[in-house]
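Some notes on the structure that comes next.
None of the figures in this text is laboratory data; all of them are computed from the coordinates on show. This is a predicted model, so every value here is computed, not measured. Here the Cβ is made from the backbone with ideal geometry for all residues, glycine too, and neighbour counts use every protein chain on show.
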Amino acid sequence: MYRRSSAILCFQNFKEAALYFDQVLPLNMGRMQGDPDIGDILVGYPESIPSAALSHLIDGVEGNTVTYSHATRVMEFTADKWVEFAKKVSPYAQLWAPDPRGEKQHDPQEEHQKLLTAYLSDAHINGGAPIRQALSEYANALGVQNFSVALPTAVGGNEADPSLMLSNLQLIDAASADWRQILDVRKDDTSRRKLARLRLFLHEDFQGKPATFIEDDLLRRVEDYELTTKKFGFTTLTSSLGMLLDAKSLQASAGAGVLAGFFGGIEVGLLSAAAIELGKVALNVAEKRHDMKHWQSGHEMAYVFETRNRLHK
């Protein structure tokens, strides 16, 4: 079913998910620590998120690290809703402890792998809530009714959601971007419109298609885009050279040069002829660049290509 907004419960790769989904609910918010370098509190482990960014991922409003106006809401994520969720899934994975100093040390990565394994098998232990029910209640408590679940690419994902396939292809190297860049993309109106157009395209062209078909078709579109972009410079150059070497063009320029020579001498005539031809070439290049930018901007995957360039300037 097509929806204007989208939400995802995320086991990992939060930055990537943040570029494609309106709401991202992390599943590793069991630790908070201050970071003086960014002037914010980092939430989660082993993949941490600044609290200001976490506020935007869940509520769509970037937190203020000067006033910490979002502190109450972030604490609700971590100390209330998160702890409630962590207790429910404790039969499957140890994500939280009342006093970590008194608990046996455990590897957060290993515990999250246990959570993932339980989700994949839709585990249900007597005395504990079914794992998928616990996930749904966690999302609902944060105001999210309809959501997808992002799974590591090694185990596959929900083939019915093309946005997940696009995210899993990692066409944008979000890992090397910082959260400031991610938030700037999320808040940019033009980027949001192009993301909406991308979602509509994915829904119309790929809904219900096999994951292998979606992957192959998207990669083909990426290859065609990159090939066309590379060819642009070559075709523009050869077109410009063709204009300069065209016999009729040279003849017309020579005539203009002779005419100008009557009034200003042969040097002025030749310069006028050259200026006419160079002006035509410049106009030709400008027109082709305009056409290329129009094609790039209107491409169904423009959001992907423009965001990739924006994050890695």
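Taking amide H as placed 1.01 Å from N in the peptide plane, SER148 has its amide H under 5 Å from the amide H of ALA7, ILE8, LEU9, each at least 5 places away in sequence or on another chain. Computed with the Debye formula from one identical point scatterer per Cα of region 24-140, without solvent, the log10 of I(q)/I(0) at q = 0.10, 0.16, 0.17 Å⁻¹ comes to -0.32, -0.78, -0.86. Here the 3J(HN,Hα) profile of region 190-198, calculated from phi with Karplus coefficients 6.51, -1.76 and 1.60 at θ = phi - 60°, is 5, 5, 5, 5, 6, 5, 4, 5, 5 Hz, Gly and Pro shown as x.
Would you mind checking LYS15/LYS87; LYS187/LYS313; LYS81/LYS114; LYS88/LYS194; LYS194/LYS230 for any pair whose Cα atoms are more than 29 angstrom apart? It would help to have the intermediate numbers written out before the result.
On the way: LYS15/LYS87 26 Å; LYS187/LYS313 18 Å; LYS81/LYS114 20 Å; LYS88/LYS194 39 Å; LYS194/LYS230 23 Å.
Pairs exceeding 29 Å: LYS88/LYS194.
When each of the peptides 165-174, 47-56 is scored by how many other beta carbons lie within 10 Å of its residues on average, the order from highest to lowest is 47-56, 165-174. Between GLU223 and GLU137, the simple label model (points 7 Å from Cα in the Cβ direction) yields a spacing of 4.9 nm.
One chain, two ends: MET75 and ASN309. Fully extended at 0.36 nm per residue, the span grows by 80.8 nm beyond their Cα-Cα distance.
Between ASP184 and LYS230, residue separation times 0.36 nm minus the direct Cα-Cα distance comes to 13.8 nm.
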